[in-house]
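The values are calculated or read from the model by the stated rules, or taken from the named source; none is laboratory data. Quick caveat: nothing in here was measured; it's all calculated off a predicted structure. Quick reminder, even Gly has a Cβ in these numbers, built from the backbone with ideal geometry, and neighbours come from all protein chains shown. Ligands, DNA and RNA are excluded from the accessible area calculation, which covers all protein heavy atoms including side chains. Shrake-Rupley method; radii C 1.70, N 1.55, O 1.52, S 1.80 Å.
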Amino acid sequence: MTLFCLLPSVQAQSIVGKWKCSKEYFKSMDLLFYGMKGYYKFNKDGTFYVKINGGSTQNIYIKISGTYNIADNRITTNIVPGDIYCYVNSGQYSPDILDSDAGGLERMNRDRQEYAYEQGEFRSNVLTEDIKNTMWEWKNEPLTITKKELKIGENIRLKKKRGLF
């Protein structure tokens, strides 16, 4: 009976540490930026944080902190919206202002550049809001832990990070 009562705390202890995000993880989250890397760190005190970054011409940086609870091989997280930082760069640059004597072709080219910039910024803002609102809270998700892998729900698979933190 004592062993059965200690099981939840043993499970919580085994999640403690850094867990590296895999390529499959980024694909399942639709975060397909060049050179993506990131990790989750679960602390003994029930807090966790996430850091993710990547990109070349288009960049992404995500930093999240929250709390977690494990019960009956299931994990639930709680994240305050203010504890989510996300930056997505569209890779587009605002076009230069034209001189008053610029010709029609120059104006047309600038208009195209401005349109591409505005569309890129719009897509970046939409992605930022999706990331902030939908990706990080788990409600009673199944949790499977092995020495090398942490599986949360059906799609999230993290690998044990080796070495020093």
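The table that follows gives values for the structure above.
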{"quantity": "Residue in region 129-147 that is of a type in the set (A, V, I, L, M, F, W, C), in a strand (DSSP E or B) and under 20 Å from Tyr39 (Cα atoms) present", "calculated": "yes"}
{"quantity": "Filter result (open to solvent by 30 Å² or more (accessible area, probe 1.4 Å), part of a loop (DSSP other than H, G, I, E, B) and either hydroxyl-bearing (Ser, Thr, Tyr) or closer than 30 Å to Ile15 by Cα (or both)) within region 66-95", "calculated": "Asp72, Asn73, Val80, Tyr93, Ser94"}
{"quantity": "Residue count for region 96-109, restricted to those that are in a loop (DSSP other than H, G, I, E, B) and either under 20 Å from Asn59 (Cβ atoms) or open to solvent by 60 Å² or more (accessible area, probe 1.4 Å) (or both)", "calculated": "5"}
{"quantity": "Filter result for the condition that a residue is in contact (Cβ under 8 Å) with a residue 12 or more places away in the chain, over 18 Å from the mean Cα position of the chain (by Cα) and either at positive phi or loosely packed, with under 11 Cβ neighbours inside 10 Å (or both), over Lys139, Lys148", "calculated": "Lys148"}
{"quantity": "Inter-residue pairs, beta-carbon under 7 Å, first free of Cβ contacts under 8 Å to residues at least 24 places away in the same chain and in region 97-111, second open to solvent by 60 Å² or more (accessible area, probe 1.4 Å), 6+ apart", "calculated": "Leu98/Glu106; Leu98/Arg107"}
{"quantity": "Elements of type strands (runs of 3 or more DSSP E) contained in region 17-65, each with 3 or more residues being open to solvent by 10 Å² or more (accessible area, probe 1.4 Å)", "calculated": "37-42, 47-55"}
